[in-house]
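Asks: My questions all concern the structure below.
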């Protein structure tokens, strides 16, 4: 595989029976041609299944959406290690739709597009 690890070690990482360092994870990703950050984003996105929406604040801030200014402020307040994503659970979606004076379905479509 080109990662300098025994097949048994790779299998133990794959099945989750053995922990790996971030450095080893990065090596595996490079061998597979996957950016490590993108892989984390995919897992993160797939883990949200309760109706929570993941909003990319940077894209929302660049959009013409009424919440663009709010997204800019939220981005400035985030810690430097943040990836700029915000989880918006269902109750908050209702409040944001009311704040924007729009239908919740329309709001969710716009947030997901941003």
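Asks: I'd like to know if segment 63-70 contains one or more residues that are free of Cβ contacts under 8 Å to residues at least 24 places away in the same chain, more than 17 Å from residue 113 (Cβ to Cβ), over 16 Å from the mean Cα position of the chain (by Cα) and surrounded by 13 or more Cβ atoms within 10 Å (Cβ to Cβ). Don't jump to the end; show me each part of the working.
Replies: Step one: list which residues in segment 63-70 are free of Cβ contacts under 8 Å to residues at least 24 places away in the same chain, which gives 64, 68-70.
So of that shortlist, the ones also more than 17 Å from residue 113 (Cβ to Cβ) come out as 69.
Narrowing the set further to residues that are over 16 Å from the mean Cα position of the chain (by Cα) leaves 69.
Next cut, surrounded by 13 or more Cβ atoms within 10 Å (Cβ to Cβ) only: none.
No.
Asks: Still on this model: Can you tell me how many residues within segment 73-90 are surrounded by 15 or more Cβ atoms within 10 Å (Cβ to Cβ) and either out of contact with any strand residue (DSSP E or B) (no Cβ under 8 Å at 6 or more places or on another chain) or assigned to a helix (DSSP H, G or I) (or both)?
Replies: Total meeting the criteria: 2.
Asks: Check segment 14-24 and report whether any residue there is at pLDDT below 85, farther than 25 Å from residue 77 by Cα, out of contact with any strand residue (DSSP E or B) (no Cβ under 8 Å at 6 or more places or on another chain) and in a helix (DSSP H, G or I).
Replies: Within segment 14-24 (the criterion being at pLDDT below 85, farther than 25 Å from residue 77 by Cα, out of contact with any strand residue (DSSP E or B) (no Cβ under 8 Å at 6 or more places or on another chain) and in a helix (DSSP H, G or I)), the answer is yes, since at least one residue qualifies.
The values are calculated or read from the model by the stated rules, or taken from the named source; none is laboratory data. No experiment lies behind these values; they were computed from the predicted model shown. Note that we place each Cβ from the backbone using ideal geometry, even for glycine, and neighbour counts take in every protein chain shown.
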